[in-house]
Amino acid sequence: MPPVAAALVFVAGLIDIVSAVTPGWRSRLDLIRQILPGSVSRQAAAFTVVVGLLLLLLARGLRRRKRRAWHGVVALLTASVVLHVVKGLDYEEAAASAVLVAGLLLARGEFQAKGDPTTRWRALWVGTALAAASVMIGMLLLQVGGGRLLGAHPLSAQFAHVVDGLVGIHGPLRFSSERVSDLVTRTLLTMGLLTISAVVYLVLRPPRPRPKLSEDDITGMRALLACHGDADSLGYFALRADKTVVWSATRKACVPYRVVSGVMLASGDPLGDNEAWPGAIREFLRIAAEHAWIPAVIGCSETGGKAWERAGLSVLEFGDEAVIDVAAFTLEGRDMRNVRQAVGRVERAGYTCQALRMRDLPAEERARLRAQAAAWRGTETERGFSMALGRIGAPADDDCVVLMAFDRGGDGPAGGEPRLRALLHFVPWGRRGLSLDLMVRDRTADNGLNDFLIVSAVRAAAGLGVERLSLNFAFFRAALERGQRLGAGPVTRCFRNLLVFLSRWFQIDSLYRFNAKFRPAWSPRYVCFPASRNLPRIALAMLEAEAFLRWPRMGVRPAAYRLRRPARPAGVCPRR
């Protein structure tokens, strides 16, 4: 029902605009003018244009089952019935609006979703959209009455007339028809007042910022990680500053999430006791239904996937996590030849590595690490949501581990002051594991430095009390592997070729090959979703959350995304 109703409301809005800007039946106009002054019908036509525009804007909210949108649409359609009659006895349009109002009243139970959290940036977006729509409709009105314009009317003069009309000034154009002149003047002034009123209201109302983690949430989540952190390598990433959390009734489990473009996006497994997961999951799904958000989960384990499947979501494997068993890792053998040679080359060049817990670094050294990481990143976007922490060296992250690679310094045989050339940042994975968060390096440093750092992390693991390391995530790893096997079918090969092509932007094949060099164990990860039709929207939300798709920096949403090329593994590589 909501998509159908939204489509009908959108069509009704278009009908209102077209009906208002086109000439009415002369016989009907003569009849209505016997009852009402001509200025009233002309003003009603101007109001009809504004009502049609508002119906177009509210159709999207109606499709998402928003209660406020339903209230607004019912009120506007009711006004539209009256306006169609007053402006020219347009019974057909008035009847269509009345039928639509009756249908919406009968289906009112379908539209119960709450509004989304908003900020004052909405004022800039709404003002820009309304101003652009006003100019477009004004130009359309001039084109409809173009045959009744007197004198020269170049496009620049038409544009100036529209802009002046929005602020109540009669522009440079003159009309031979009083009806067209009044319609243009009244419509532009009404739309200008509407735009100003909407912006002022949104600016002056109390802001409702996006939800963030509270101190109580962080304290509770850290307590759950202390007890159950070994279960999921992505658990610590729930502490990102741009996430919020929903708790079970017992507060023994929670689901971290973020709302992105109408998708309630969770990452990893729920935190806490497995037996308490269903309570947190039910609350998560309840909130999603209450706001008409699409519930989705990215990067959950097989255990988490089963829990979400029992709650009614579909589950799809979409990649694998590379996990190194420290005790079993070795550089020996033909399979490790490339890694062994890269590490040896870096060691012969004089590089050394230092592995420390963050608690062992002074505050000023942490600040230098943050500054250096930012300098190496340069203008590259910091990416990550499900598998990146988004910060380094915070006081609360004392259990994190940093590996720093230094060169010998200087150009002579004696060298000089060692310089920091690369670093890895790991977050805790329970008591006996580490999960890769960030990999940054100086692009002028020797090749193989990332390989050297990962091998150094394995070597330093015993001293840190670590038994396993979680590396980067490889999207569709199984498909890439099967597609290059002997005897792979045409569909499998085509899918692999598509993934290789997409790797130009999304590092799919390159990260798989980088991980595979270390002969890790592969742990499958899953995406959970309500229905297959939601997958395209969920995919866009995932790309936006991971910062592959970005809005322009003016802070409002445009009509299209901008695709940014991700950082390469040789430079900045947040965990994937």
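Laboratory data are not the source of any read-out in this text; all were calculated from the coordinates shown. All figures in this text were calculated on a predicted structure; none of them were measured in a lab. So basically every Cβ, Gly included, is an ideal-geometry build from the backbone, and we count neighbours across all protein chains shown.
Computed extension gain for Arg251 through Glu332, at 0.36 nm per residue and net of the alpha carbon distance, reaches 24.4 nm. If R0 is 22 Å, the Cβ-Cβ spacing of Met136 and Ala7 corresponds to a FRET efficiency of close to 0.55. Two decimals is fine: what is log10 I(q)/I(0) at q = 0.26 Å⁻¹ for the stretch 39-108, from a Debye sum with one equal scatterer on every Cα and no solvent? Scattering profile of the stretch 39-108, log10 relative to I(0): -1.13. Here's the thing: no lysines lie within a cross-link span of Lys87, going by alpha-carbon distance under 21 Å and ignoring same-chain residues fewer than 8 apart. Between Leu535 and Cys494, the contour length at 0.36 nm per residue exceeds the alpha carbon distance by 12.7 nm.
Length gained on full extension, Leu356 to Lys212: 48.8 nm, using 0.36 nm per residue less the C-alpha separation. What you get for the stretch 186-344, charging only the Cβ of Lys and Arg (+1) and of Asp and Glu (-1), is a dipole of about 920 debye around the Cα centre.
Here the calculated FRET efficiency for Asp399 and Glu481, from their Cβ-Cβ distance with R0 = 25 Å, stands at 0.15, rounded to the nearest 0.05. In this Cβ point-charge picture (+1 for Lys and Arg, -1 for Asp and Glu), the stretch 410-501 has a dipole of about 520 debye about its Cα centre. Taking a straight line from the alpha carbon of Lys243, these aspartates and glutamates sit under 17 Å away, with near neighbours fewer than eight places off in the same chain left out: Asp116, Glu215, Asp216, Asp217, Asp269, Glu283, Glu382, Asp397, Asp437, Glu544, Glu546. Could you state the number of Å between the C-alpha centres of the stretch 261-298 and the stretch 344-358? Centre-to-centre (Cα) distance: 42 Å. Cross-link check: pairs Lys252/Lys306; Lys114/Lys306; Lys114/Lys212 evaluated at a Cα-Cα cut-off of 25 Å; pairs beyond the cut-off: Lys114/Lys306.
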